[in-house]
1. Please give the net charge around Phe78, taking every other residue with its beta carbon less than 13 angstrom from that of Phe78, where Lys and Arg add +1 and Asp and Glu add -1.
2. Of all the accessible heavy-atom surface of the range 46-133, with the other protein chains kept in place and a 1.4 Å probe, what percent is carbon and sulfur?
3. Once the Cα atoms of the range 66-167 are picked out, what are the Rg and Dmax in Å?
4. Averaged over every viewing direction, what's the projected area of the C-alpha convex hull for the chain? Give it in nm², one decimal, please.
5. Each residue of the range 133-148 in order: what ³J(HN,Hα) in whole Hz does its phi give by Karplus 6.51 cos²θ - 1.76 cosθ + 1.60, θ = phi - 60°, with x for Gly and Pro?
Amino acid sequence: AAGAVTSAKKGAGSILQVVGTGKLDATATIDCVDTATWYDYTSMNATITPASSSNKILISFAAMGEGEYSDYAYRWRFKKTISSSDSYIAASTAGSRTSVMGMITEAYWADNQDSTPTIFGCSNYLDSPSTTSAITYTLQINCGQANQDWYVNRCTSDTDAQVHERGMGWLTLMEIAG
């Protein structure tokens, strides 16, 4: 119709499409075997295909869980896959420092190691992929201490008790007109 709002009539900054995913169950454990490897965060990935190479992708996510080791050792970033080629959204490298997008907020309490889960996330990160190919964004986690598990959407102890919370995670991608 003549009055319809089409993508051609939307201006810069308009939201053109939204895709997302949610992780509602607490059945996954990420086994962080070594400190050099980044592990895909279970069910926290989504694919979006921009209409124009000048458009941007706004990333928002939240994830909940608890690790076997102190929270300060866990860090996260995004893997961005375009046409089977991976790149990473993280800080620039500097010497032997680990390049991350963020760290897990310290919620661990030494006297209560099995029921102090944390939530971590990113409210708005604006990526400029410069492509019209499909892009898959995957949350990744790494631990600075080898052989430590991360329990997705739950505490390390999962017995039926009020203090052993269950949570959820989500990832939202929005295409923003450039």
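The values are calculated or read from the model by the stated rules, or taken from the named source; none is laboratory data. Everything numeric in this text was worked out from a predicted model, so none of it was measured. All Cβ positions, even for glycine, are placed from backbone atoms using ideal geometry, and neighbour counts span all protein chains on display. Heads up: the accessible areas ignore ligands, DNA and RNA and are worked out on the full protein's heavy atoms, side chains in. Shrake-Rupley method; radii C 1.70, N 1.55, O 1.52, S 1.80 Å.
1. Summing Lys and Arg as +1 and Asp and Glu as -1 gives +1.
2. On the range 46-133, the fraction of accessible area on carbon and sulfur atoms equals 46 percent.
3. In order Rg, Dmax, the Cα atoms of the range 66-167 give 16.1, 51 Å.
4. 12.6 nm²
5. Karplus values, whole Hz, x for Gly and Pro: 7, 4, 10, 9, 9, 10, 5, 10, 10, 9, 10, x, 10, 5, 6, 10.
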